[in-house]
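Colleague: Below: one structure in structure tokens.
The values are calculated or read from the model by the stated rules, or taken from the named source; none is laboratory data. Source: prediction; values computed, not measured. The accessibility values were calculated without ligands, DNA or RNA, using every heavy atom of the protein model including side chains. Shrake-Rupley method; radii C 1.70, N 1.55, O 1.52, S 1.80 Å.
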Amino acid sequence: MSKSTGLGLTEQQPQPLGDASVWTVIRSEAAELAAREPILQRLLAAQVTDTANNNEIIARVLAARLSVAQVETGDLFDLILSTLDDDIMRKVEADLIAVRERDPACTTSLHALLNLKGFHALQTHRIAHALWIAGRPEIASWLANLVSLVFGPDIHPAARIGASIMLDHGSGVVIGETAVIEDEVSILQNVTLGGTGKETGDRHPKIRHGVMIGAGAKILGNIEIGAFSKVAAGSVVLKSVPTHCTVAGVPATVVRIHRADEIPAETMDQNI
């Protein structure tokens with residue numbers, strides 16, 4: 001279920017995994033992994049099993065991975081934890097479920113939480129975006145740059161990103177300042193959502209609900225990728241794309257019309 005936020009995005013209500021929440025599943029998976037791999041016991045205790053609440057889990061995971069900067073890990077943890085709110089946590093949960101369901105290489109929710117840098121980059125962007133909206137552009141930009149250095153994706157802190165998003169691998173992803181990504185979108189590696197030159201103002205793509213963007217695709221300018229469409233790998237998109245279709249090529253053109261019930265972001269079908 002989802003509802004409009006009034007910003008061109010919808011607020012995702014994550015669905016439970018079976019009879020348990022994603023965080024209950026993660027804590028259980030962490031306990032089982034600690035029993036199998038004693039070398040990871042201290043790490044899992046510090047970041048998952050011994051934490052006070054779910055917000056602390058994501059704050060500790062991100063702070064630990066971003067602590068290569070010349071900033072105390074504890075200070076990073078405090079910054080992240082103080083910024084997390086119910087809206088961000090709903091999106092974190094929806095993203096965890098999305099990765100678990102769409103990535104065949106992701107066998108557990110714990111694996112997504114601890115090991116996938118696309119997920120880490122996206123959640124840190126959510127922190128940076130909240131700081132940007134709160135009138136703290138300097139720390140938001142610093143955090144966004146740190147994300148690029150540590151994880152790979154270069155995401156402007158002003159970019160608006162919905163829930164149930166998968167950045168598969170995340171390497172080489174560039175998302176510009178005025179880009180908008182709605183809910184239930186999947187983006188593979190080396191994707192650019194960029195401008196076309198030195199223009200200012202609203203100049204970046206708008207990616208609507210349910211879209212899948214293939215590896216290496218470049219989408220340039222203030223154009224729209226219609227809901228439930230697919231951009232094939234390696235394509236260069238310079239014009240808006242209708243709903244329910246696949247575009248491919250350089251420049252990209254429509255090569256297929258989809259059934260109304262197809263959700264490319266979920267099926268992850270790379271075929272044209």
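Colleague: Per the Kirkwood treatment, what hydrodynamic radius in Å, one decimal, follows for the range 187-253 from the mean inverse distance over all distinct Cα pairs? Numbers along the way, then the final one.
Modeller: Numbers: mean 1/r = 0.0873 Å⁻¹.
Kirkwood hydrodynamic radius for the range 187-253: 11.5 Å.
Colleague: Using square roots of five times the C-alpha gyration tensor eigenvalues, list the equivalent-ellipsoid semi-axes of the range 159-271 in whole Å, biggest first.
Modeller: 19, 15, 13
Colleague: How compact is the range 112-177 by the rule of thumb for globular proteins, expressed as Cα Rg over 2.2 N^0.38 Å?
Modeller: So the range 112-177 has a normalised radius of gyration of 1.00.
Colleague: Distance between the C-alpha centers of the range 197-246 and the range 37-51? Whole Å please.
Modeller: 41 Å
Colleague: Which cross-chain or sequence-distant (5 or more) residues have an amide H under 5 Å from the amide H of residue 174, H modelled 1.01 Å from N in plane?
Modeller: 154, 191, 192, 193
Colleague: Then there is this: May I ask you to give the solvent-accessible area per residue for the range 20-152, in square angstrom, as obtained with a 1.4 angstrom probe? Write down the numbers at each step before the final one.
Modeller: Numbers: 5990 Å² over 133 residues.
Per-residue accessible area for the range 20-152 comes out at 45 Å².
Colleague: Can you give me the % of accessible surface on the range 20-152 that is carbon or sulfur? Probe 1.4 Å, all protein chains present, nothing else counted.
Modeller: Percent of accessible area from carbon and sulfur atoms in the range 20-152: 52.
Colleague: Compute the distance from the alpha-carbon center of the range 147-185 to that of the range 56-79, in whole Å.
Modeller: Using only Cα atoms, the two centres lie 20 Å from each other.
Colleague: Next question, about the same structure. Kirkwood Rh over Cα pairs of the chain into Stokes-Einstein at 20 °C, 1.002 mPa s: D in µm²/s?
Modeller: For the chosen part, D equals 114 µm²/s.
Colleague: What whole-number value in Å² describes the accessible area per residue of the range 159-271 for a 1.4 Å probe? Walk me through the numbers before you get to the answer.
Modeller: Numbers: 4400 Å² over 113 residues.
I get 39 Å² per residue for this part.
Colleague: Whenever you get a sec, compute what percent of the accessible area on the range 166-257 sits on carbon and sulfur atoms (1.4 Å probe).
Modeller: 56 percent
Colleague: Turning to a different aspect of this structure: Could you give the alpha-carbon Rg of the range 65-176 over 2.2 N^0.38 Å, rounded to two decimals?
Modeller: Dividing the Cα Rg of the range 65-176 by 2.2 N^0.38 Å gives 1.00.
Colleague: Among all lysine pairs in the chain that are eight or more places apart or on different chains, how many have alpha carbons less than 23 angstrom apart?
Modeller: 15
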